[in-house]
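These notes are about the structure you will find just below.
The values are calculated or read from the model by the stated rules, or taken from the named source; none is laboratory data. Bear in mind the structure is a predicted one, so any value in this text is a computation, not a measurement. All Cβ positions, even for glycine, are placed from backbone atoms using ideal geometry, and neighbour counts span all protein chains on display. What goes into the accessible areas is simple: the full protein's heavy atoms, side chains included, and nothing from ligands, DNA or RNA. Shrake-Rupley method; radii C 1.70, N 1.55, O 1.52, S 1.80 Å.
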Amino acid sequence: NAGVTQTPKFQVLKTGQSMTLQCAQDMNHEYMSWYRQDPGMGLRLIHYSVGAGITDQGEVPNGYNVSRSTTEDFPLRLLSAAPSQTSVYFCASSPGQSNSPLHFGNGTRLTVT
Amino acid sequence: KQEVTQIPAALSVPEGENLVLNCSFTDSAIYNLQWFRQDPGKGLTSLLLIQSSQREQTSGRLNASLDKSSGRSTLYIAASQPGDSATYLCAVPTGANSKLTFGKGITLSVRP
């Protein structure tokens, strides 16, 4: 059981480039989300989805797009990378019920120069 | 707006010590609280989830308590080991679904 899989593990981008961070889960979880983790700021929610075809914004959505065409996949797109988007990005999923634990991937470390 | 605080930011203890990690939150209208562990360069692993109707939850040497009225939770680690060295984060739901607000974590170092 792979759980939540994120690719790539590391990425370096130049300012203005675009890219997609991939996230896939094999637990048939309805809820998926993206967080970024920055020193001194903790984990902040970027976007989330409560099921296929449904997405919504979190605390820090600007500069990011998401889509949820299948239950398994929840990619995060950076439209035009900025140095402020240098961070570690985590994807997480849960069955969606209010008392279900959240399962995290191992993260993508992104550097924007 | 819900705020979650974990103090201190770092803690160093000798092996074998029993210890308590604290978590406080400002909005007591929560339906659960989760404790996570994060190892360097890794994602978060859920340790314990306490529902609002519970006061305690136990898993092995870990015991978490929840006092909603005072906006506090504690994670008790018995007989600490060097393998317990990690960052421990608490999180509470914000609104519906599984959106969580996280504390900044406590980095624990257990010295052999």
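Note on segment A:78-105: among residues that are in a loop (DSSP other than H, G, I, E, B) and at pLDDT 95 or above, the one that is nearest to A:GLN25 (Cα to Cα) is A:GLY105.
For segment A:42-53: of the residues being without any contact (Cβ under 8 Å) to a residue 24 or more places away in the chain and over 14 Å from A:LEU76 (Cα atoms), which is most open to solvent (accessible area, probe 1.4 Å)?
So, considering only residues that are without any contact (Cβ under 8 Å) to a residue 24 or more places away in the chain and over 14 Å from A:LEU76 (Cα atoms), the one most open to solvent (accessible area, probe 1.4 Å) is A:GLY53.
In this structure, B:ASN32 does not qualify as of a type in the set (S, T, N, Q) and open to solvent by 70 Å² or more (accessible area, probe 1.4 Å). A single entry from B:GLY71, B:GLY16 fulfils the requirement of being small (Gly, Ala, Ser) and under 26 Å from A:PRO39 (Cα atoms): B:GLY71. If only residues of segment B:57-112 that are crowded, with 16+ Cβ neighbours inside 10 Å, hydroxyl-bearing (Ser, Thr, Tyr) and at pLDDT 95 or above are counted, the one that is farthest from B:SER12 (Cα to Cα) is B:SER65. The residues of segment B:5-22 that are among the hydrophobic types (A, V, I, L, M, F, W, C) and more than 14 Å from B:THR107 (Cβ to Cβ) amount to a single one, B:VAL20. Filtered by the rule that a residue be facing chain A (nearest Cβ under 10 Å), closer than 17 Å to B:GLY95 by Cβ and either modelled with pLDDT of 90 or more or under 12 Å from the mean Cα position of the chain (by Cα) (or both), segment B:31-50 gives B:ASN32, B:GLN34. For B:ASN22, the conditions (1) surrounded by 12 or more Cβ atoms within 10 Å (Cβ to Cβ); (2) at pLDDT below 95; (3) not acidic (Asp, Glu) all hold with the exception of (2).
Exactly one residue out of A:ASP73, A:ASP56, A:ASP26 is within 13 Å of chain B (Cβ to nearest Cβ), on the phi < 0 side of the Ramachandran plot, without any contact (Cβ under 8 Å) to a residue 60 or more places away in the chain and open to solvent by 40 Å² or more (accessible area, probe 1.4 Å), and it is A:ASP56.
If you go through segment A:76-109 and pick out every residue that is more than 21 Å from A:ILE54 (Cβ to Cβ), open to solvent by less than 20 Å² (accessible area, probe 1.4 Å) and out of contact with any Leu (no Cβ under 7 Å at 6 or more places or on another chain), you end up with 2.
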